[in-house]
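Engineer: Next up is a structure, given as structure tokens.
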Amino acid sequence: MEMSNEIPIKVRLKIGSIEVELECPQKDLEKTIKNVISAFKSNLEEKAIIEKEPEIKSEIIQKRKPSDNLTCRDLIEAIYKEGWFSEERSLSSVVEEIARRGYNYNSTAVSHVLLDLVRQGILERRGKPRNYRYISKFKKEESITLDSKKIEEVKVNNIN
């Protein structure tokens, strides 16, 4: 399927016990989903795998521009800005959240970014090695922006 400059949408469909992910331009989303569902239904009915109407679930996993080449740091800063670190989060849950958004970074890359944010005074690291949890140092109301000016202010405040 050739994609134009439109924003592609990634969708996960679950039909009965079968799950499939697809990506298509937003304008073709409805048609594509209908085609996939009908293909599954006819295939399942031919094989007599189902006896009743299967449960059909779908969710939009991500919506992004093809030109989005976000770094690991960009993604972690984005989830920070959304207030995602208002609760304690483990390294594995951060990796899973990034993957859920359609990006795959290994835990080493993620842990380096988290450590940088801890050193900058943006996140707090709790727990013991191999079991750290990360949480925002600021309440959502006083959450800082992650531009370099604010980060420098946080560094200075933490040093004094």
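Engineer: For the range 68-85, what are the residues that are outside any loop (DSSP other than H, G, I, E, B), more than 14 Å from Arg126 (Cβ to Cβ) and either in contact (Cβ under 8 Å) with a residue 12 or more places away in the chain or among the aromatic types (Phe, Trp, Tyr) (or both)? Explain how you work it out, then say what you get.
Structural biologist: Step one: filter the range 68-85 for residues outside any loop (DSSP other than H, G, I, E, B), giving 72-81, 84-85.
Then keep just the ones that are more than 14 Å from Arg126 (Cβ to Cβ); that gives 72-81, 84.
Within the range 68-85, Cys72, Arg73, Leu75, Ile76, Glu77, Ile79, Tyr80, Lys81, Trp84 meet the criteria.
Engineer: Does the range 139-146 contain at least one residue that is at pLDDT 90 or above and either surrounded by fewer than 17 Cβ atoms within 10 Å (Cβ to Cβ) or among the charged types (D, E, K, R) (or both)?
Structural biologist: Initially, the range 139-146 is screened for residues at pLDDT 90 or above, giving none.
No - not one qualifying residue is present in the range 139-146.
Engineer: Another one. Return yes when Leu91 is among the aliphatic types (A, V, I, L, M), surrounded by 14 or more Cβ atoms within 10 Å (Cβ to Cβ), in contact with a Phe, Trp or Tyr (Cβ under 8 Å, 6 or more places away or on another chain) and at pLDDT 90 or above and no when it is not. Show your work before the answer.
Structural biologist: Working: among the aliphatic types (A, V, I, L, M): yes; surrounded by 14 or more Cβ atoms within 10 Å (Cβ to Cβ): yes; in contact with a Phe, Trp or Tyr (Cβ under 8 Å, 6 or more places away or on another chain): yes; at pLDDT 90 or above: yes.
Here the answer is yes, as Leu91 does meet what is asked.
Engineer: For Ile49, indicate whether it is of a type in the set (Val, Ile, Thr), at pLDDT below 90, surrounded by 16 or more Cβ atoms within 10 Å (Cβ to Cβ) and farther than 26 Å from Ile7 by Cβ.
Structural biologist: On the way: of a type in the set (Val, Ile, Thr): yes; at pLDDT below 90: yes; surrounded by 16 or more Cβ atoms within 10 Å (Cβ to Cβ): no; farther than 26 Å from Ile7 by Cβ: yes.
Judged against the criteria, Ile49 is not a match.
The values are calculated or read from the model by the stated rules, or taken from the named source; none is laboratory data. Given the structure is predicted, the values throughout are model-derived calculations rather than measurements. No Cβ is skipped: glycine too gets one built from the backbone with ideal geometry, and neighbour counts run over all protein chains shown.
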